[in-house]
Amino acid sequence: MMPVPRPNEGSRWRCTMCGNLTRFDVTRSSKVVEYVHLDLAGEPRVEEREVLSETIESVRCRWCNAVDQVELVDRPSSGAQV
């Protein structure tokens with residue numbers, strides 16, 4: 001299975017099946033280091049989290065249920081005229 005590319009400042013995901021741009025279920029694997037603070041009652045709270053690595057394994061469209069049919073497209077410009 002190939003990792004799915006992550007969108008950046010200039011791109012976003014688009015479902016190639018239905019055109020959805022806004023709703024996706026993302027399955028990802030990550031390796032993290034967390035600083036966990038336990039209160040006196042023993043309840044844990046993560047106070048710091050460092051992501052060491054992260055891979056997006058699959059993306060499913062919430063509109064048409066297509067799996068791994070996502071492409072990266074350019075984000076629209078703001079359209080503001082200066």
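The values are calculated or read from the model by the stated rules, or taken from the named source; none is laboratory data. Bear in mind that the values here come from a model prediction, so they are computed numbers and not experimental data. Glycine also receives a Cβ, built like all others from the backbone with ideal geometry; neighbour counts cover every protein chain displayed. Heads up: the accessible areas ignore ligands, DNA and RNA and are worked out on the full protein's heavy atoms, side chains in. Shrake-Rupley method; radii C 1.70, N 1.55, O 1.52, S 1.80 Å.
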Residue list for region 22-44, restricted to those being closer than 16 Å to Asn65 by Cβ and not β-branched (Val, Ile, Thr): Arg23, Phe24, Asp25
Any hit, region 12-20, residues being open to solvent by less than 90 Å² (accessible area, probe 1.4 Å), under 17 Å from the mean Cα position of the chain (by Cα) and hydroxyl-bearing (Ser, Thr, Tyr): no
Residue count for region 32-82, restricted to those that are touching a residue at least 40 places away in the same chain (Cβ under 8 Å) and loosely packed, with under 10 Cβ neighbours inside 10 Å: 1
Positions within region 1-25 being in a strand (DSSP E or B) and either modelled with pLDDT under 95 or under 14 Å from Val73 (Cβ atoms) (or both), in sequence order: Ser11, Arg12, Trp13, Arg14, Cys15, Phe24
